[in-house]
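Reading through the structure tokens given below for one structure.
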Amino acid sequence: MDIDRMGHELVTSGCFNQSDRRSVNSIQLTRFVHILHVNVALLYDLFNRNVLSITHRSRFMTESKDNFSTLNQPLLFEMIRSFTTLAETLNLSHAVAELNSTRQTVRRHIAQLEAAKGEALFRLESRQYHLTEAGRLALPEALDLLARGRSWLLGQISHRNGLEHVYAELPEGRSFWMQQRPMSDLWSLERPLLKEAFRAWALSDGQLEGKILRDVRPFFMVYRDSPNGWICIEIGDQSSYVTWSGWVAARSSIGRNMNVLPGGDDFAHLMISPFEDAATHQNTRLDHIYTQLKREPDGPYLPIYYQRLLLPGRFPDGTFALISVVDRHHDVEIIGMDPDTAPRMPQDVIMKEVSIIPKFDYK
């Protein structure tokens, strides 16, 4: 039995009760599957046009969801691709063309996902597709699953000692390395910026306007999540961004969506992953990063090393604020990257050690 037929068998298996299965021999079951193969797409249209009762639809979805744990995994990847493509185009013909697939296959994939999840992802009105609330909520995670899956297959993302490790090749011969580090590394840092930012954040209860953040806030970049992605809303005048690109470029970046990045959608997901992690789990995160960036639009790419601390915070209205503090210097540790062979930063772009005097002595 091929993969496609296995998928149909698993989806349609929810339509048979246990006693029926015992009474149908393997030849008859194959014939049933063949017939149902042809009608799955029709069944999906019937669902959306409410020809089947809500009770029957709910029963079908619940029974299919119980049997979804045995779904063929390669088919699952294609189902998610069909869902995300149709969700972004909201046009079946465009989705079919982009996927190089057929209308029947895309409809079948959507029906299988809806059956497994137990909820409708789309509604069809006047032949126009619209995301349901469940579909809208499912889309970001589905996109992330695809991006991380492709990155994993390419060897770009892994975990070393339980911490995230990323390596990606970028256009123009560039590369991006990132190694998540234990938070306890902070206490062994000789440079005070990240350590003091963490201490001030903890004592301020994460309140962005807290007075105790006054001395470290000039080094902050602050982000807000939005339906269109992470938006930078504040760049401190002593932050790494300003000291690397200049104040004019920094001011021009306020309001920019982080999803618009060189390297394509998958790379954007890799870059945003730490932000999503910090926001979802409301946790702090320390990363060591090496890549190449321009200081000026027409300038050359230069190597850049930095440590980045992510802190979950709160705006005055209580909504979530993500704080990023970057200290740019050569002291980074990334598994698999040889610091002796990687190009070094020019001396004049290494951030000067800040003159923050530790104010929180617990001894």
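Take the residues in segment 240-260 that are outside any helix (DSSP H, G or I) and within 29 Å of Gly318 (Cα to Cα), then tell me which one is modelled with the lowest pLDDT.
The selected residue is Val260.
Among the residues of segment 217-230, how many are in a strand (DSSP E or B) and at pLDDT 90 or above?
5
Hey, among Leu170, Leu208, which residue is under 18 Å from Leu310 (Cα atoms) and among the aliphatic types (A, V, I, L, M)?
The match here is Leu208.
For residues that are part of a strand (DSSP E or B) and touching a Ser or Thr at 6+ places or on another chain (Cβ under 9 Å), scanning just segment 314-328, find the one that is farthest from Thr280 (Cα to Cα).
For segment 314-328, the residue satisfying everything is Asp327.
I need the strands (runs of 3 or more DSSP E) fully contained in segment 88-188, keeping only those with at least 2 residues that are buried (at least 19 other Cβ atoms within 10 Å of the Cβ) and outside the structural domain of Leu75 (by TED's automatic domain parsing).
163-169, 175-181
Each row is one residue, and each column tells you yes or no for (1) without any contact (Cβ under 8 Å) to a residue 40 or more places away in the chain; (2) touching a Phe, Trp or Tyr at 6+ places or on another chain (Cβ under 7 Å); (3) not polar (S, T, N, Q).
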position: Leu193; (1), (2), (3): no, yes, yes
position: Glu196; (1), (2), (3): no, no, yes
position: Ala202; (1), (2), (3): yes, no, yes
position: Arg217; (1), (2), (3): yes, no, yes
position: Phe220; (1), (2), (3): no, no, yes
position: Ser226; (1), (2), (3): yes, no, no
position: Cys232; (1), (2), (3): yes, yes, yes
position: Tyr241; (1), (2), (3): no, no, yes
position: Ser252; (1), (2), (3): yes, no, no
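Since Glu196 meets every condition but one in (1) in contact with a Pro (Cβ under 9 Å, 6 or more places away or on another chain); (2) among the acidic types (Asp, Glu); (3) within 28 Å of Leu302 (Cβ to Cβ); (4) surrounded by fewer than 19 Cβ atoms within 10 Å (Cβ to Cβ), which condition does it not meet?
So the condition that Glu196 fails would be (4).
If you take the residues of segment 276-335 that are under 21 Å from Trp247 (Cα atoms) and hydroxyl-bearing (Ser, Thr, Tyr), which of them is farthest from the chain's Cα centre (by Cα)?
The selected residue is Tyr301.
Would you confirm, using the coordinates I've provided, whether Ser324 is touching a Lys or Arg at 6+ places or on another chain (Cβ under 7 Å) and at negative phi?
yes
Can you tell me how many residues within segment 277-331 are under 22 Å from Pro140 (Cβ atoms), at pLDDT 90 or above and either outside the structural domain of Met345 (by TED's automatic domain parsing) or among the acidic types (Asp, Glu) (or both)?
Total satisfying the criteria: 1.
Of all the residues that make up segment 234-250, how many are surrounded by fewer than 16 Cβ atoms within 10 Å (Cβ to Cβ) and among the aliphatic types (A, V, I, L, M)?
Total satisfying the criteria: 1.
Residues in segment 339-347: is at least one assigned by TED's automatic domain parsing to the domain that holds Val216, modelled with pLDDT of 90 or more and among the β-branched types (Val, Ile, Thr)?
no
Of the residues that sit in segment 189-205 and are part of a loop (DSSP other than H, G, I, E, B), of a type outside the set (Lys, Arg) and closer than 28 Å to His165 by Cβ, which one is farthest from the chain's Cα centre (by Cα)?
Glu190
Looking only at segment 206-216, how many residues end up being surrounded by 15 or more Cβ atoms within 10 Å (Cβ to Cβ) and outside any loop (DSSP other than H, G, I, E, B)?
Residues flagged as surrounded by 15 or more Cβ atoms within 10 Å (Cβ to Cβ) and outside any loop (DSSP other than H, G, I, E, B) within segment 206-216 amount to 3.
The values are calculated or read from the model by the stated rules, or taken from the named source; none is laboratory data. The model shown is predicted, which means the values in this text are computed figures rather than measured ones. Quick reminder, even Gly has a Cβ in these numbers, built from the backbone with ideal geometry, and neighbours come from all protein chains shown.
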